[in-house]
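Beneath this line is the structure, given in structure tokens, with notes to follow.
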Amino acid sequence: MQRSFDELGTPLDEVTFCVLDLETTGGTAADGGITEIGAVKLRAGEQLSTFRTFVNPGHSIPRQITMLTGISESMVADAPPPDSVLPTFLEFIGDAVIVGHNVRYDLGYLNAALERSGRPKLANRVLDTLRLARRLVRDEVPNCKLGTLANRFRLPHQPSHRALDDALATGDLLHLLIERASAFGVCGLDDLIDLPTMAAHPQAAKLRLTDHLPRKPGVYLFRDGGGRTLYVGKATDLRSRVRSYFSGDDRRKVGQLLREVERIDHVVCPSALEAAVLEVRLIHRLEPRFNRQSTTWRRYCYLKLTAEAFPRLSVVRAIRDDGALYLGPLPSNKAAKRVAEAIETAVPLRRCTGSPSASSRTGSCAPAQLGVATCPCAGAIGPEAYAALVATVRRGLLHDHALLLGPLEAKMHALAAEERFEEAADMRDRAAALAAALKRQRRFDTLRRAGRVVVEVDGQSRAELLRGRLVRTWTITKQGISAVPLPLDLDPAAPDHLAVPLPGDATAPGAPLPKALADELACVAQWLDRQGHRIRVIHADGALVPAGPPLPTFEPPVPFRR
């Protein structure tokens, strides 16, 4: 299907270009002056108007500059000063795209003059024909000087080191370069401005793979010659995001990815939420080897408070219907152990892995001898007293988080007061790990207990969630309601890893969440938090706001810098 102009960006034939050139006294923009300004306005290949004036720089013109440009001091003696010329020239430029050959030089002098007159710098979009020429025709010419290009390509106007002549020649060059750029699928202004940043990219020929991409939110898939998915990503502007991979990204994996890609597929989504959720689902489903985020979900694990006679904390990979309390899924075994250390620091649960009994009592375990854990194995604590410790942990994990975070914070401050700063920092890090895990768990539990939720975004679209997962979306237009199903069958041969049953009652506090669903719920939670000011809740079976006071982060303060 042929794309609309909206999808392409601003069409080049609708863009007004102001091609300018300045003659100066040389030196730098800070100490030099402007002697002549020339400019031409162009649109759709036609010349609209021209601007030309001498400018009195306010100081002498070096002899070598006069020999180069032919502009003498007598020629500018009666010319207006920059302060008198600038208002008229700014009006001529308007909101046009500024074009120049090595345009940074011209803009440097122009912006310096504006600053000296108390005016703001130009904010127009800028296009440099020198950079474009280096990108498009460098192999055809000995150099990319304006005179060389005008002569080699027989442009209608030839530069002469006079402002208007050079501006007209630059305008001719612009039209030639736009024609050359069309071979790279450049049809809009954004693509033309971005093209120079793709200079000398070894995979520039593959830019043609992006020709069909629209400027809409969605998900893109890089595939190899065999149709296998290499990478899945999301974007608010599919065309700009995918083309950015060719704009000088020198990461090693990006170069390898572009060498292997032979096809780029995409799915347009009505909003960023659908794009983010679809990205997660496709990464889980297709497992692209160049993706890092959302690909480690199989290694997620849980922190389990066992259901033994003397419960303990254990890091496990899978959840079971065994009556135990699970926290997670957590991103890694290391992260889970860090959270376990925090809980065991706050409440001295046993750390030994055996099964304590009266008939098998031995000496106290090492943690108990160090005074950091209780030891039922040695009979140092009875069942009732130990049950009270377990009840504190359960309540701290499910309801009153201060029961666990409070002791950690108190120990942190005590260590700091004793100037044991490294130990205090370690205690802070433990508290931060536990607080982050509890916050994540609380958000998951809230979404799942909310049941069916329907939200409206900016009065234009709606989305339905069920236990935190996106079910469907639809847009509201003048013509009515248009449903937008989530496409999940881009690769029917790929296994569906999301077909995971929910064990037990998913709405019960502490009910374990299957690890395959954690990334999607985290994605939805993040979207709700960031876009809350744009969302109106139409329906919710339960509350969408987590119960209880906000959790502290324990993040170290950012140092103040002057």
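List of remarks:
- Cross-link pairs beyond the 28 Å C-alpha cut-off, checked among K41/K121; K234/K515; K145/K216; K253/K337; K337/K411: K145/K216; K253/K337
- The Cβ shell under 13 Å around R420 holds other residues with a net charge of -3, Lys and Arg each +1, Asp and Glu each -1.
- Portion, in percent, of the accessible area of segment 48-115 that falls on carbon or sulfur, probe 1.4 Å: 51 percent
- For P62, neighbours were defined as the other residues whose beta-carbon sits under 14 Å from its Cβ, and their charges (Lys and Arg +1, Asp and Glu -1) total -2.
- Rounded to the nearest whole Hz, the Karplus-based 3J(HN,Hα) values (6.51 cos²θ - 1.76 cosθ + 1.60, θ = phi - 60°) of segment 434-449 follow the sequence 5, 4, 5, 5, 5, 5, 4, 5, 5, 5, 4, 4, 5, 4, 6, 6, with x at glycine and proline.
- Couplings 3J(HN,Hα) for segment 260-266, derived from phi with the Karplus relation 6.51 cos²θ - 1.76 cosθ + 1.60 (θ = phi - 60°), are 8, 5, 10, 8, 10, 9, 8 Hz, where x marks Gly and Pro.
- Ordered by solvent-accessible area of protein heavy atoms (1.4 Å probe), largest first, the residues E36, E115 come out as E115, E36.
- Label separation (R317 vs Q531): 3.6 nm, computed from points 7 Å beyond Cα along the C-beta direction.
- Extension gain, H59 to D426: 0.36 nm times the residue separation minus the Cα-Cα distance gives 125.5 nm.
- The solvent-accessible area of H59, taken with every protein chain present and a 1.4 Å probe, is close to 80 Å².
- Distances between placed amide hydrogens fall under 5 Å for I381 paired with C375, all partners being 5 or more residues away or on another chain.
- Take the Cβ atoms of R292 and S84, set R0 to 35 Å, and the FRET efficiency comes out at 0.05.
- Estimated FRET transfer efficiency (V471, A547; beta-carbon r; R0 22 Å; 0.05): 0.35
- Computed from backbone phi with θ = phi - 60° and the Karplus coefficients 6.51, -1.76 and 1.60, the 3J(HN,Hα) list for segment 122-130 is 5, 10, 5, 6, 10, 10, 10, 5, 5 Hz; x is used for glycine and proline.
- Remark on K216: its backbone amide H falls under 5 Å from those of L238, R239, a criterion applied only to residues 5 or more positions apart or on other chains, H modelled at 1.01 Å from N.
- In nm, spacing of pseudo-spin labels at E555 and R263 (7 Å Cα→C-beta vector): 4.3 nm
- Neighbourhood net charge (11 Å Cβ-Cβ; Lys/Arg +1, Asp/Glu -1) for L164: -3
The values are calculated or read from the model by the stated rules, or taken from the named source; none is laboratory data. Note that this is a predicted model, so its numbers are computed, not measured. Ideal geometry is used to build each Cβ from the backbone, glycine not excepted, and the neighbour counts take in all protein chains shown. Only protein heavy atoms, including side chains, enter the accessible area calculation; ligands, DNA and RNA are left aside. Shrake-Rupley method; radii C 1.70, N 1.55, O 1.52, S 1.80 Å.
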